[in-house]
Amino acid sequence: MAREYPVECVSVGRGDDDVPRAVLYLDSNLDRSGKEEILRSCPSLGKGVRRLSGPDDVLPAISTSGTLKNMVNTELAKVKKSRLPCGLLLLKITGVDGRADLQKNEAVIRNSLPQPEQLAHYGETTFAVLLPGLGIRQARCEAQRIYEKVREHVDCREKEMSVSAGMTVCVARHIPGAATFIDMAASQLQRAEQEGPGIYWEDQKEKENSCQVTAEERAHLFSFLTEGGKDQP
Amino acid sequence: MKAENKATPKIVSISSGKGGVGKTSITVNLATALAGQGKKVLLIDGDLGLANVDVILGLNVRHTIRETVEEGRDPSATLVEILPGFSVLPASSGVPEMANLSYEEQAFLTDALERIIGDFDYVLVDTAAGIGDSVLWFNEWADVNFIILSPDPTAMTDAYALIKVLQGRYGKKNFHLIVNQVKSKKEGQEVYANMKTVLEKFLGIIPGYQGAIPQDSAVARAVRSQRPFFMSQPGSRASLAIKDICERLLSS
């Protein structure tokens, strides 16, 4: 939001731990009297009024192609046409304190990507990375590489921060809608947050192993050889 | 399902799981039979790194699918015409990289193939053995999946496994079985019946039966002479079986 509109971010109320409980975005283009009128109308303002960020603090654009959903839509259309798969990795970094942290995290992720335009926001502290053309194995490797870079950065910080990651891959034979695709990655991210650090994805191995020929199937196949012929078609 | 429109040929993959059950020989002779019925046939050697179609046909190829993938060469310039209406797109031999194409290369190859197949009524793909990426990919691309097996537990298991993977991972359901190297028609029917029972019980698949090809010395002789037995020995038992399979394919 800060990228498209120059705003000032004003803390409206602060808790006992001095953390803002609510913020008010003010259009920086308003003149002084306009801003003061708005601030006067907010009863919880007072000594707690504090400018958190201004137009000069805008985050640099992550993507010029719009929201994450638009980006995903574009990539899924490519999957349909090219038959190339596409992965989506969501990285959530907790323990973030303020805009400066956010920007540093974003820079680390962006620098780890071969194409910076693959990066988008998904919520305040979660980043989305599109992995076009990568199947599950390659996407896992790439996701692991990015995750390790972020972990390295997070572990070096003095504050306690952690990173969780969820991933999904879409293949041409089954292309979900953009919202569903994002939700699939988000559900894996949720697993990561609940079950511990690391990258989580749909249990592809389970799906792969489900194609394994079982002992029972084999027994039925070979019963023909031991028992003789079956009814003719 | 007939190929009613030249722009949308019927793509048939011929696979087996196990190697050595006769895929290439059957594919080459089936293509020959289809061409003999006036159909325009493209035979793609899908064993991209260990080509055999050109060997069975006695071709001396200069250009292969490899050049399409690696150099962007127009695949139509790589086609070899065997008979009027019957062309082959040869693969390369001794090139491991071709047997392990990346997603991008596979997608590029698909695009390239789809640009040329519109001129044909039938596209037959002789895939490699096994369940590697290229096998699965060609089978996914095809409209109909022919699975070759022989009355041998390893061939039956591998054929079943291939079908299971294609169904489980790609949702394929249109399978047709050809039983090769049988001692009699009855044996072929028994093998088919058994496979059908197991496929239906465990996977909910009812495969079609394209027919059985008998053990026939004409086949080995034809391979050694590098000429399709359908052409060199049209009256052989194997040729008559191929003729039946061809007619079933044409009427489906």
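Values quoted throughout were computed directly from the atomic coordinates according to the rules given, and no laboratory measurement underlies them. Predicted, not measured: the structure shown is a model, and the values here were computed from it. Cβ atoms come from the backbone with ideal geometry, glycine included; neighbour counts cover every protein chain shown.
Results, tabulated for the structure shown:
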read-out: Where N is the number of residues in the range A:87-139, Cα Rg divided by 2.2 N^0.38 Å; value: 1.17
read-out: Paramagnetic label zone (point 7 Å from Cα along Cα-to-C-beta, A:E152; backbone N under 16 Å) in the range A:126-143; value: A:142-143
read-out: The range B:39-173, dipole about Cα centre (Lys/Arg Cβ +1, Asp/Glu Cβ -1), debye to the nearest 20; value: 400 debye
read-out: Calculated over the range B:101-169: convex hull of Cα atoms, volume per residue (Å³); value: 91 Å³
read-out: Rg(Cα)/(2.2 N^0.38 Å) for chain B, N = residue count; value: 0.94
read-out: P(r), alpha carbons of the range B:177-252 - 10 Å bins starting at zero, rounded %; value: 20, 42, 28, 10, 1
read-out: Chain B: DSSP helices with Cα axial extent of at least 15 Å and average Kyte-Doolittle hydropathy no lower than -1.0; value: B:23-36, B:103-116, B:153-170, B:185-203, B:237-251
read-out: Dipole axis of the range B:54-141 (+1 Lys, Arg; -1 Asp, Glu on Cβ), positive-most option in B:F108, B:G132, B:V55; value: B:V55
read-out: ³J(HN,Hα), Karplus 6.51/-1.76/1.60, whole Hz, each residue of the range A:141-150, x for Gly, Pro; value: 4, 5, 4, 5, 4, 5, 4, 5, 5, 5
read-out: Using θ = phi - 60° and Karplus 6.51 cos²θ - 1.76 cosθ + 1.60, couplings along the range B:65-82 (whole Hz; Gly, Pro as x); value: 4, 4, 5, 5, 6, 8, 10, x, 5, 4, x, 5, 7, 9, 4, 10, 8, 8
read-out: Qualifying trypsin sites (Lys or Arg not before Pro) for the range B:25-102 [loop in DSSP, other Cβ within 10 Å: at most 15]; value: B:R62
read-out: B:H176 long-range amide H proximity, modeled H, under 5 Å; value: B:N145, B:F146, B:I147, B:G208
